[in-house]
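The values are calculated or read from the model by the stated rules, or taken from the named source; none is laboratory data. Small disclaimer: the values here were computed from a predicted structure and weren't measured. Cβ coordinates were reconstructed from backbone atoms using ideal geometry, including for glycine residues, and neighbour counts include every protein chain displayed. We work out accessible area using only protein heavy atoms, side chains counted, and drop any ligands, DNA or RNA first. Shrake-Rupley method; radii C 1.70, N 1.55, O 1.52, S 1.80 Å.
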Amino acid sequence: MAGGGFAAEFPASDYGGSLTTSVIVTCIMAASGGLIFGYDIGISGGVTTMESFLRSFFPSVLKKMAEAKQDDEYCMYDSQALTAFTSSLYVAGLAASLAAGRLTKAVGRQTIMLLGGALFFTGATVNASAANVEMLILGRILLGFGVGFTNQAAPVYLAEVSPARWRGAFTTGFQFFIGVGVVAANLTNYGAARLRSWGWRLSLGLAAAPACVFILGALLIPDTPSSLLHRGMPIDTARAALRRLRGSSADVDAELNDIARAAEDARRNEEGAFARMVLGRRYRPQLAMAVAIPLFQQLTGVTVVAFFAPVLFRTVGFGSDGALVGAVILGCVNLASILVSAFTVDRLGRRKLFIVGGAQMIICQVAVAWIMGAKIGADGEAAMPKGYAAAVLVLMCAFSAGFGLSWGPLSWIIPGEIFPVEVRSAGQAISVAVNLGCTFVQTQLFLAMLCRFKFATFAYFAAWVVVMTAFVAAFLPETKGVPLESMASVWEHHWYWARFIADDNRADNSKVNINIR
């Protein structure tokens, strides 16, 4: 709908290609990069509840836990040193994602993914052998470099190799593997907690396993045709890679011509991609989404809930083992909902899933805030009845399902598909940097928020979900089925963003007229 509508409809186009075994295998291998991010999300919160880990590195937290049994359940884990263990990864990831945005155009997306997997593997070995807090933090920084490189390259890789008709489903694979990593980590924590003295080393060390899976996958897949052409590789190399992905029934030459034109435009305009993203009005819509989508994803509160699910369930009255089981259940529900999203995102579209998932999350968070406020109270001294503790678990599962249906996968799909090729690496780098930077702030502050805001912490996140759902309804155009090379058209037909494109075109025309004179 041009001009006054919220979205424009564009015909799906995949240049006649079929769903080949090659593209399925390639996308699965690339999406497995989500394993390392998901494993870290799941493992960190569980390890920080293991008494052997706390006794070795954070004995003050154990003392606070003992005191909290007669004092305040909300505040038993409030330790800035403990949250620094978790959040230090994301400072390193932020820096790595920005560096990856510049490195990708020189070495390609496949190489960046390999580098990310290798750094994550190294960080896992350092953490497993840690003898002091300094080694723990060093390991976390190396893990952060791995996450930053992987999160920058893998979603864009998926968007570039997927046929437009199924791009949403394939890119959802990255979030699916994040969910698999979270569940695997929670199950590992549950088993490792029984190894009283060294279980935490097993949990942290097994992060090397998903890193190995991802490294092997990245070794077996080619770079994307877009990246190959952008780096000046022979067109026959790109044609061979594209033909292997699309199969014999596709019009490979037509798609390759569109990719080649976009790559040529990118080479002419590749200098100062970050500056153009920030200063150019033409890219203002993409910049707004690159910042808003990952920022809002974190303001759902889901990442800190995933990190600290065992802590949350301990707070509402579960025992140590029960809290870990609750975290496993939460991860399994999230995983199932991501599968639902994968089968519906290219049918229903991005906007509908955003809005439906947002509404579900709002209801669940408000309900959790009400139950915790009524049954634990603001002082945190009351014990929650078992029935209400079970209700909190059910509501958090429903919240996790709403996130897995919408903001989980879509926060990787949208940034991966909206940028023109000349600023794609820079745009994805900005998006990942915002995501990791906000994750750092959230993980560093969540336990302090829980201690001070009490049950209102969940009302705070619910309010943000209201804001972000309204933002999506008003400002995000529908992008399902639109080829990457035609993505500019969705902004040109949007009721709000069209003015930025028009203004920039008028400015270009003015420059041309001045030069002619």
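Would you say VAL126 is over 18 Å from VAL213 (Cα atoms), without any contact (Cβ under 8 Å) to a residue 40 or more places away in the chain and either part of a helix (DSSP H, G or I) or open to solvent by less than 20 Å² (accessible area, probe 1.4 Å) (or both)? Answer is yes for this residue.
State yes or no: is GLU255 modelled with pLDDT of 70 or more, assigned to a helix (DSSP H, G or I) and either under 18 Å from GLU417 (Cα atoms) or in the same structural domain as GLU160 (by the TED database) (or both)? Yes; evaluated as a whole, the condition is true for this residue.
Would you check if LEU229 is over 27 Å from the mean Cα position of the chain (by Cα) and at negative phi? It is true that LEU229 is over 27 Å from the mean Cα position of the chain (by Cα) and at negative phi.
Filter segment 437-450 for residues that are over 29 Å from VAL345 (Cα atoms) and open to solvent by less than 20 Å² (accessible area, probe 1.4 Å) and give the result. Selection gives THR443, PHE446, LEU447, ALA448, LEU450. Would it be correct to say that PHE354 is in the same structural domain as ILE413 (by the TED database), crowded, with 23+ Cβ neighbours inside 10 Å and modelled with pLDDT of 80 or more? Here the answer is yes, as PHE354 does meet what is asked. Quick test of your reading of the structure: THR171 fulfils all but one of (1) more than 26 Å from LEU410 (Cβ to Cβ); (2) open to solvent by less than 30 Å² (accessible area, probe 1.4 Å). Name the failing condition by number. Answer for THR171: the failing condition is (1).
All conditions but one from (1) under 22 Å from the mean Cα position of the chain (by Cα); (2) surrounded by fewer than 19 Cβ atoms within 10 Å (Cβ to Cβ) apply to ASP251; the one that does not is (1).
For GLU478, the conditions (1) within 27 Å of ALA498 (Cα to Cα); (2) in a helix (DSSP H, G or I); (3) open to solvent by 10 Å² or more (accessible area, probe 1.4 Å) are fulfilled apart from (2).
Being under 22 Å from ALA290 (Cβ atoms), modelled with pLDDT under 85 and acidic (Asp, Glu) is true of ASP504. A count restricted to segment 157-179 and to residues that are in a helix (DSSP H, G or I) and out of contact with any Ser or Thr (no Cβ under 7 Å at 6 or more places or on another chain) stands at 11. Per the listing ALA367, ALA382, ALA309, the residue uniquely farther than 28 Å from ILE43 by Cβ, over 17 Å from the mean Cα position of the chain (by Cα), at pLDDT below 70 and in the same structural domain as GLY437 (by the TED database) is ALA382. Within segment 186-206, at least one residue is open to solvent by less than 20 Å² (accessible area, probe 1.4 Å), more than 27 Å from ALA106 (Cα to Cα) and in contact with a Pro (Cβ under 9 Å, 6 or more places away or on another chain).
When VAL421, VAL434 are checked against the criterion of being more than 27 Å from ILE329 (Cβ to Cβ), touching a helix residue (DSSP H, G or I) at 6+ places or on another chain (Cβ under 6 Å) and open to solvent by 20 Å² or more (accessible area, probe 1.4 Å), a single residue qualifies: VAL434. Looking at ILE41, ILE28 in this structure, which one is surrounded by fewer than 24 Cβ atoms within 10 Å (Cβ to Cβ), at pLDDT 70 or above and either in contact with a Ser or Thr (Cβ under 9 Å, 6 or more places away or on another chain) or in a helix (DSSP H, G or I) (or both)? None of the others qualify; the one that does is ILE28.
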